[in-house]
Amino acid sequence: MQYLGVVLAGIGIGKLLYPDGERSFDMLDLSEERLVAPLSWLGRNSLPVYLGQVPINLAGLSLVL
């Protein structure tokens, strides 16, 4: 409940910046830049990346304990 104001502010700002669900301004497409491309790949594949890191973290935790 404590973040309701932040959520409502985000919804309001989104309505201002994206009327009718479309961006009303242009942005540079940096997704193919050499330094940004790996981050773009991680963002597009976030679920497999997340699911892949869980067993790795659990294996590391079992080594520590």
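The values are calculated or read from the model by the stated rules, or taken from the named source; none is laboratory data. Bear in mind that the values here come from a model prediction, so they are computed numbers and not experimental data. Positions of Cβ are backbone-derived with ideal geometry, glycine not excepted, and every protein chain shown enters the neighbour counts.
The C-beta contact set for the range 45-64 (first residue within 30 Å of Ser31 (Cβ to Cβ), second residue not β-branched (Val, Ile, Thr), distance under 8 angstrom, 6+ apart or interchain) comprises Val49/Leu42. Within the range 3-25, how many residues turn out to be assigned to a loop (DSSP other than H, G, I, E, B), at pLDDT 85 or above and more than 20 Å from the chain's Cα centre (by Cα)? Total satisfying the criteria: 0.
Residue-level check: of (1) part of a helix (DSSP H, G or I); (2) of a type in the set (S, T, N, Q); (3) over 19 Å from the mean Cα position of the chain (by Cα), Gln53 misses just (3). Inspection of the range 34-48 identifies no residue that is surrounded by 10 or more Cβ atoms within 10 Å (Cβ to Cβ) and over 17 Å from the mean Cα position of the chain (by Cα).
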